[in-house]
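Working notes for the structure below.
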Amino acid sequence: MLEKYLQNLSNRDYQRFDEKYVKLIFYCIAMNLRIFRLKSEMEVQRKYPDILLIPKDQSKEYKGVMIEFKYLKKGEESKLKEKQEEAKKQIEEYGKFEEIKELKNIYKYTVVAVNDKIYVEKID
């Protein structure tokens with residue numbers, strides 16, 4: 001769905017476009033997922049995971065989700081692996097913090113947008 005939104009933006013929308021806009025579009029989409037509380041840039045030991053989706057009902061077996069976003073402009077596709085690795089390192093670091101460990105059963109993803117294409121990687 002995120003990719004569909006990005007593909008519907010005009011060239012003018014992409015002027016000065018960066019990661020925060022990709023995250024904001026995703027945040028707006030995720031607000032419709034009523035089983036989650038959303039946290040944007042939640043401070044964890046002076047670090048800031050981009051998005052955390054925390055299940056509202058902890059008694060059920062819903063899993064949380066942590067996502068780290070990156071953005072590359074059109075023509076920067078050659079930097080994709082580098083950005084994915086950067087995001088992966090960040091998300092692995094966040095996963096070591098006690099505040100994140102307390103969110104049992106959490107899925108971790110990196111999302112790299114290259115202009116209007118989305119590359120998702122699940123981190124174990």
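Output the number of residues of region 63-105 satisfying the condition of being farther than 17 Å from Glu43 by Cα and touching a Gly at 6+ places or on another chain (Cβ under 9 Å).
Number satisfying all stated conditions: 2.
Checking Lys74 against (1) at pLDDT below 95; (2) more than 18 Å from Asp116 (Cα to Cα), only one condition comes out false. Which one?
The failed condition is (2).
Exactly one of (1) assigned to a helix (DSSP H, G or I); (2) touching a residue at least 24 places away in the same chain (Cβ under 8 Å) is unmet by Tyr119. Its number?
Result: Tyr119 passes all but (1).
Mind listing whichever residues of region 33-76 are more than 12 Å from Lys23 (Cα to Cα), surrounded by 13 or more Cβ atoms within 10 Å (Cβ to Cβ) and among the acidic types (Asp, Glu)?
Of everything in region 33-76, just one residue is more than 12 Å from Lys23 (Cα to Cα), surrounded by 13 or more Cβ atoms within 10 Å (Cβ to Cβ) and among the acidic types (Asp, Glu), namely Glu76.
Failed condition for Ile25, given (1) open to solvent by 60 Å² or more (accessible area, probe 1.4 Å); (2) free of Cβ contacts under 8 Å to residues at least 24 places away in the same chain; (3) not hydroxyl-bearing (Ser, Thr, Tyr), with all others met?
Result: Ile25 fails condition (1) only.
Could you grab me the full set of residues in region 21-35 that are among the β-branched types (Val, Ile, Thr) and closer than 13 Å to Leu6 by Cα?
Val22, Ile25, Ile29
The values are calculated or read from the model by the stated rules, or taken from the named source; none is laboratory data. The shown structure was predicted, so the numbers you read here are calculated from the model rather than taken from an experiment. Ideal geometry is used to build each Cβ from the backbone, glycine not excepted, and the neighbour counts take in all protein chains shown. Ligands, DNA and RNA are stripped out before the accessible areas are found, and what is left, the full protein with its side chains, is counted by its heavy atoms. Shrake-Rupley method; radii C 1.70, N 1.55, O 1.52, S 1.80 Å.
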